[in-house]
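Read the structure below first, then the notes.
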Amino acid sequence: MKKIILALFFLYGFSMFSQTGTIKGIVLDKQSENPMEGATIELLQMQMATGTITDLDGRFSLENVPVGRQTLRISYIGFESTTVSNVEVTTGKDVFITVTLLESFNQLEEVVLTNTDAKNKSVNKLATVSARQFGVEEVTRFSGGRSDVGRLAANFAGVSAPDDSRNDIVIRGNSPTGLLWRLEGVPIPSPNHYSTSGTTGGPVSALNPNLLKNSDFITSAFPAEYGNAIGGVFDLGFRKGNADDYEYTLQTGIFTGVEAMAEGPLGKNKGSFLIAARYSLVSLLGIGAGGTSATPNYNDVSFNIDFGRVNSGTLSAFGIFGTSDIEFLGNDIDPDDLFAAEDENSYVDSRFGVLGLKYNLSLSQNSFLRTIASVSYSGNEFTADRFIEMGTPQERLIRYTDVDDSETRFTMSSLFNTKLNNRLTFRTGLLVEAFNVQSLLLDRTEQADNNADGDPDLVTFRDIDENIALWQPYVQGQFRVTEKLTFNAGLHAQYSSLNSQWVWEPRAAINYSPFHNHIFNLGYGLHHQSVSLPLLFLNENVNGEMLQTNKSLDFVQSNHYVLGYDARLADSWRAKVEIYYQDIDKAGVEPFPSSYSTLTEGADFGFDNDRVSLVNEGTGHNQGVELTLEKFFSRGYYGLLTGSFFESKYKGSDGVERNTPFNNGHVVNLLAGKEFKAGPSGKNIWFVDTRLTTSGGRYYTPVDLEASQQAGFEILREDLAYSQQYDAYFRWDVKFGLKINSRNKKRSHQFYVDLQNVTANENIFVERYNRLTNNIDRVDQIGFFPDFGYKFQF
């Protein structure tokens, strides 16, 4: 008996000892972004003092760290120390964190201030209003999120995304086309499968969250280095692979697909590689998902290769490549399919890719030059063959729509950053983009039968091969006036070779902290953006000649004004309120009185094809208030409550003020999660997460049923544009699962089940004219849908 007890005691002790992991990271000067040698890293909440210091490259490694959530304190003489909490340690994978330290205002010999590293602060030090950082754990943690960064953003204040079929991001009432996607410092096309030209969203994300590092999401008055956007910025970055050990991940999920990832050291200069590939699980199973009975096929590959130190700098290569296709065959389509029709066979094929080189050159202890060269490609093909006089002896199949769009973009970005002293940081740079745009659009929709063959004519709306250059120089700086007052200012310029227009955009922000843990923010920014390319190149028949009469449209212009207050209420608790106003003008409208404006585009997969001879005389405004109450993860739980109450209006050329299709009025999100320790040693974790979302319904233009019945296709009451509102949106998601840490090997497992829309609430998707039944049909969004996932790390 004694031997058995001793054996059990030994096994228990061995389990406790072996269930450890490793925390690695790098410490940087927040202003100069250079590595800090000799910074102290302490592992808190330990009975015995545990810590280390950074090496010449600012790197550190803490081994034999107990699994679970840990807290680190990082300090350096003359700098404000930082506490990093909620570092999740597992046995299957080393944890890597990046920490930035801010030089103390008065060059103190001892550290006297401690800042908590919270997600409400952006990675970009010059983005100080309407900005928030997020990490991979948040992308994969929240229920209903499908491991999609776009759907993650929908939980933040100011964002509306009441559409289960797409991940379009509506920021403060702006069209989703106003969003700028950036990866590793350069703009990229929409990183989504089945994305179409001019849009920024899609049904399935091509971004693999397992490669992402902490990144920024900015909703207004963004700093001067961001341009050609009036809605918001997703500024993403890829993490580096493990430079010391080889690690692997196998994973599967309904939407993320089947995935394999590998990372490890590369070369002799402390380099590393990180590569992951995914393939759609629903394709392997041969089933439909996401609101259609058709089977979606998609796959993507992402990588980040760090070549380590090269001469006086570091060199890396990054990229994403993805393809997707789907066939909607009328005979196999359900009447309530979100994307297809019963009298049509349609085929979708899309491609997306980004390849870049990034070189960081250290010029001095306080200055660096960052140069990035990239090439990106996005292409979309869509063809539709429609059955005419379906179900009769005269039934025939004709080509109804043919779309072939592609965009190739060469980008060069160069940025110089210098820390002049502990008060002043200066940054300047130039971004040049060269586009080749090829676009073909042939369509019979709403066309006359001029050739008398019994069918509407197949009309060419676009057929172009254009080259465009966009130049964006900028300069910006941050001045810490006092310990309590920080001033950011910058100037961005933008030039397009398409319309030969120069615009100048001042940006400014003030942060004032009169009391500890209380911050007031004030921001302003002037922003411009090109009208979406599918509209710019539409053909118009002028005296028998096909001309692109929208080609010379000016940039759309938007003034952003923001006032905010951020308070740390208690340990791990914060509250934030922001009030904003956006004044928009120079939107594209028709030259005669109508309700149309380019500000209403972007709510679907495509754009209107008959809006020609547009003029820059449209206006609009967005205004609202946003509230956030957040409990960062600690003591085993977290919580997030966000509320957005806003108004989004526009005026067409008829001068009538109307709702935009993005004017939901309000959006409220409530998220919470809890972890429970399990197993003999308490090193395994049961977890549960839940999410409640409600918002006002979308505004829409009603169908003119009588006119549609006479014409045989849908005709809308444009005099009543966006005058009616769908019912409010409501959804409740619940996610639960288990994390298992191996006792004696570098392995970990994670299982989860994500029950989406558990109440099966019938949220309306659209009311549309059915040309087969000559009635208006209501189509609902996705009902109850169970998702699942499994991850194995070793």
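Nothing in this text is a laboratory measurement; each read-out follows from the coordinates by a stated rule. All values reported here derive from a predicted model rather than from experimental measurement. Neighbour counts are summed over all protein chains in view; Cβ atoms, including those assigned to glycine, are modelled from backbone coordinates with ideal geometry.
Numbers for the structure displayed
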{"read-out": "Between helix 2-18 and the chain: long-axis angle, C-alpha atoms, 0 to 90°, nearest 10", "value": "60 degrees"}
{"read-out": "Stretch in the chain that is longest and holds no GluC sites (Glu not before Pro) that DSSP places in a loop and that have at most 12 other beta carbons within 10 Å", "value": "484-794"}
{"read-out": "Per residue Cα convex hull volume in Å³ - calculated over the range 360-473", "value": "156 Å³"}
{"read-out": "In nm, spacing of pseudo-spin labels at V779 and L397 (7 Å Cα→C-beta vector)", "value": "2.1 nm"}
{"read-out": "Mean ellipticity per residue at 222 nm, deg cm²/dmol - from DSSP H runs of n ≥ 4 across the chain, formula -39500 (n - 2.57)", "value": "-1500 deg cm²/dmol"}
{"read-out": "In the range 729-794, the trypsin sites (Lys or Arg not before Pro) that fall in loop regions by DSSP, at most 11 other Cβ within 10 Å", "value": "K745"}
{"read-out": "Kirkwood-based shape ratio for the range 450-525, expressed as Rg/Rh from alpha carbons", "value": "1.44"}
{"read-out": "Lys, Arg +1 and Asp, Glu -1 on Cβ, resulting dipole of the chain about Cα centre, debye, nearest 20", "value": "5060 debye"}
{"read-out": "For the chain: relative contact order, % (alpha-carbon pairs under 8 angstrom, 6 or more apart)", "value": "10 percent"}
{"read-out": "Isotropically averaged projected area of the range 175-266, using the convex hull of Cα atoms (one quarter of hull area), nm²", "value": "7.4 nm²"}
{"read-out": "Mean separation of Cα contacts under 8 Å (6+ apart) over length of the range 326-418, as relative contact order %", "value": "26 percent"}
{"read-out": "Sparse-neighbourhood loop sites, chymotrypsin sites (Phe, Trp or Tyr not before Pro) in the range 237-271 - DSSP loop, at most 15 other Cβ within 10 angstrom", "value": "Y246"}
{"read-out": "Kirkwood-type radius of the range 625-695, with distances r between different C-alpha atoms, in Å", "value": "15.3 Å"}
{"read-out": "Debye log10 I(q)/I(0) for the range 16-117, one point scatterer per Cα, at q = 0.20 Å⁻¹", "value": "-0.97"}
{"read-out": "Summed side-chain charge close to N775 - residues other than N775 whose Cβ falls under 11 Å, Lys, Arg +1, Asp, Glu -1", "value": "+1"}
{"read-out": "3J(HN,Hα) from dihedral phi, the range 769-777, Karplus parametrisation 6.51/-1.76/1.60, rounded to Hz, x for glycine, proline", "value": "6, 9, 6, 7, 9, 6, 10, 9, 9"}
{"read-out": "Equivalent-ellipsoid semi-axes of the range 26-79, from the Cα gyration tensor, Å, largest first", "value": "22, 11, 10"}
{"read-out": "Full-stretch length increase - D727, N451 - with 0.36 nm per residue and alpha-carbon distance subtracted", "value": "95.0 nm"}
{"read-out": "Low-density loop cleavage sites - chymotrypsin sites (Phe, Trp or Tyr not before Pro) in the range 687-757, where at most 15 other Cβ are within 10 Å (DSSP)", "value": "F713"}
{"read-out": "Members of K240/K270; K631/K746; K745/K791 lying beyond 23 Å, as alpha-carbon distances in this model show", "value": "K631/K746"}
{"read-out": "Normalised per residue, the volume of the convex hull around the Cα set of the chain (Å³)", "value": "160 Å³"}
{"read-out": "Part-to-part distance (alpha-carbon centres) for the range 52-105 and the range 524-576, which is given in Å", "value": "39 Å"}
{"read-out": "Mean-position separation - Cα centroids, the range 293-361 and the range 176-198, in angstrom", "value": "12 Å"}
{"read-out": "Dimensions (Å) - the range 626-775, Cα atoms, principal axes, largest first", "value": "73, 38, 26"}
{"read-out": "Considering only the chain, percent of DSSP beta bridges that pair antiparallel, nearest 5", "value": "95 percent"}
